[in-house]
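Let me begin by presenting the structure, written as structure tokens, before commenting on it.
Each value in this text was obtained by applying a stated rule to the coordinates, not by laboratory testing. The structure displayed is predicted, hence computed values, not measured ones. Here the Cβ is made from the backbone with ideal geometry for all residues, glycine too, and neighbour counts use every protein chain on show.
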Amino acid sequence: MIFLVNKEERNLSGIYKITQMSKNRVYIGQTKMKFIKRFWHHRWKLRNNQHDNAFLQGAWNKSIENYFVFEIVAIIDKNENMNEIEMNYIAEFNSFKEGFNLT
């Protein structure tokens, strides 16, 4: 998985997107931890076939690792309502019906 985040933003938190480039399917997520830490967490789980999202794991298992890209969608203050913001991005990217989001 490729980490497309500026050096200045890697230690911030907020909403991120994982895109399967070959099919243009996305997963939208939120994190209060640093983006870099969340990236490593996703990548470790996917590489070890232990990801909580079976659809994302299945796509990973059938694809090439570098066909996935992790990037920032929005930098959010930890005190803001990330759930609501994340839901808006899930709707915007249609990642529930056409992507990997399960809820």
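Take every Cα pair under 8 Å in the chain that's 6+ residues apart, average their separations, divide by the length, and report that relative contact order as a whole percent. Intermediate results must be reported in sequence, preceding the final value.
On the way: 155 pairs, mean separation 43.5, N = 103.
Relative contact order, the chain: 42 percent.
Would you work out the charge dipole size for the chain about its Cα centre, treating the Cβ of every Lys and Arg as +1 and the Cβ of every Asp and Glu as -1, and quote it to the nearest 20 debye? Numbers along the way, then the final one.
Values: 15 positive and 11 negative charges, 98 e Å.
That gives the chain a dipole magnitude of about 480 debye.
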Computed, not fitted: 222 nm per-residue ellipticity of the chain from DSSP H runs ≥ 4 (each -39500 (n - 2.57)), nearest 500, equal to -9500 deg cm²/dmol
Taking GluC sites (Glu not before Pro) as exposed when in a DSSP loop with at most 14 other Cβ atoms inside 10 Å, the chain has its longest clean stretch at 9-79
Of the listed pairs K23/K78; K34/K62; K17/K37, those with alpha carbons more than 26 Å apart are K23/K78; K34/K62
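Whats the longest run of the chain with zero trypsin sites (Lys or Arg not before Pro) that are DSSP loop and have at most 10 other Cβ atoms within 10 Å? Could you put the intermediate results ahead of the total?
Details: sites that count: K7, K62, K97.
The longest such stretch corresponds to 8-61.
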In nm, the gap between the two label points placed 7 Å beyond Cα toward Cβ at E8 and K78 is 2.2
Note: the chain, point scatterers on Cα, Debye, no solvent; log10 I/I(0) at q = 0.20, 0.23 Å⁻¹ equals -1.02, -1.33
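Any number yet on Rg/Rh for region 49-103, C-alpha, Kirkwood?
A ratio of 1.01.
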